[in-house]
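The values are calculated or read from the model by the stated rules, or taken from the named source; none is laboratory data. Note that this is a predicted model, so its numbers are computed, not measured. With ideal geometry, Cβ positions are generated from the backbone for all residues, glycine too; neighbour counts draw on all protein chains shown. For accessibility, only protein heavy atoms count, side chains too; no ligands or nucleic acids. Shrake-Rupley method; radii C 1.70, N 1.55, O 1.52, S 1.80 Å.
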Amino acid sequence: MSETSTVPTAPLRARAEIDLGALRANVRALRARTPGAALMAVVKSDGYGHGAVPCARAALAAGATWLGTATPEEALALRAAGLTGPVLCWLWVPGGPWRQAIEAGIDVSVSGMWALREVVAAAREAGRTARVQLKADTGLGRNGCQPGPDWAALVAESLRAEAEGLVQVTGLWSHFACADEPGHPSIAAQLERFREMLAYAEEQGVRPEVRHIANSPATLTLPETHFDLVRPGIAMYGISPSPEIGTPADFGLRPVMTLSASLALVKHVPGDHGVSYGHHYVTPGDTTLGLVPIGYGDGVPRHASGTGPVLVDGKWRTVAGRVAMDQFVVDLGGDEPPVGSEAVLFGPGDRGEPTAEDWAQACGTIAYEIVTRIGTRVPRVYVNGEELG
């Protein structure tokens, strides 16, 4: 798809409009908060549903210098698209495409000895030095190497491989568990442990290019965690990592995605008329119903049945009854907008429309999930794709 402004010639069933100008502005706002650190634009899960490649290009244009992905396939897709700068990939399983990543110059994250051994074998096979970042488990309890003997062994083995020219240890890093909960005791504990594990590795002779632990909430609120590099993910897309720490506007951010659909039908029905599967909604009186042709097959949460907010004809409506695979209904209360009228599920909120956070609250989840789950059946329409200075 084009990364420049795109206006469809006819109304689309549904569309996710991606404002790349807003994304660039968000990256600049994040950089302004981290003047002493480089910025990694995290574009995993297809850029949190926004489109990895267009968002990566926009972020780099705004001053990001690294890209981050979860899976090696995501990282290799960035290279296939012609993106040549530093890329870190952190979620590996045995037998992964190590050699392809090494040959593509991708930084690979290593959390245990099994991974380091596979990297070393692939580097020998490729005849190239692998760029490796060692991940420390400072308390999150997911990926990462445990402190103590495990960390000591991983550091020692990495340095031996480095002496043979098989790897270059380019980074030391970790990830917070509760940075989105200000004052949580684990934040200080993890930061202290990270400093200890950094100090040990550097005392042994590791000379990393970058040390990093700051995710979106830490980037926004914990300057002491910024080190050499910060890794904003959801914040780059203009969504607050936690409503408790502030709205997007509080941090100078603007939501990038607007999800909308065209009404497929508007009709009059009498009172006591069941709506959608199970008749969990029954009309309280004569009314009009609007059919919104997007459903859980497109990523609209079924948990939003009866609660999801939608802007139609200038008014907030609520999903009436169950969200189906391809469609849902809103009660228009007697209003008669024309078929084809826009139904906005969420956007920045400045036109009065709901936001992704509103949908998260309606579904009992987080806004990360709302945007990331929007499926490939919904076209991404990119606007403000050209840098205007």
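Before moving on, here are some points about what is shown:
- A straight line joining the Cα centroids of the range 11-54 and the range 58-77 runs 11 Å.
- Here the chain is assigned +1 on the Cβ of each Lys and Arg and -1 on the Cβ of each Asp and Glu. Its dipole about the Cα centre then comes out at about 640 debye.
- Electrostatic dipole magnitude of the range 33-137 [Cβ: Lys, Arg +1; Asp, Glu -1; Cα centre; debye, to 20]: 220
- GNM flexibility winner over the chain from Ala360, Ala199, Ala122 (Cα, springs under 10 Å): Ala199
- When Thr288, Thr355, Thr65 are compared by accessible area of protein heavy atoms, the largest-first order is Thr65, Thr355, Thr288, using a 1.4 Å probe.
- Ranking Tyr296, Tyr382, Tyr277 by solvent-accessible area of protein heavy atoms (1.4 Å probe, all protein chains present), from largest to smallest, gives Tyr277, Tyr296, Tyr382.
- Sequence of His184, His50 when ordered by accessible area, the most exposed leading, probe 1.4 angstrom: His184, His50
- Percent carbon-and-sulfur accessible area, the chain, ignoring ligands, DNA and RNA, probe 1.4 Å: 52
- Entry comment: accessible area of the chain is 41 Å² per residue, from protein heavy atoms only and a probe of 1.4 Å.
- Amide H contacts under 5 Å for Thr355: Gly347, restricted to partners 5 or more places along the chain or on a different chain, H placed in the peptide plane at 1.01 Å from N.
- Longest exposed-site-free window of the chain, the sites being GluC sites (Glu not before Pro) in a DSSP loop that have at most 14 other C-beta atoms within 10 Å: 165-385
- Residues whose placed amide H lies under 5 Å from that of Gln168, excluding near-sequence neighbours: Ala130, Arg131, Val132
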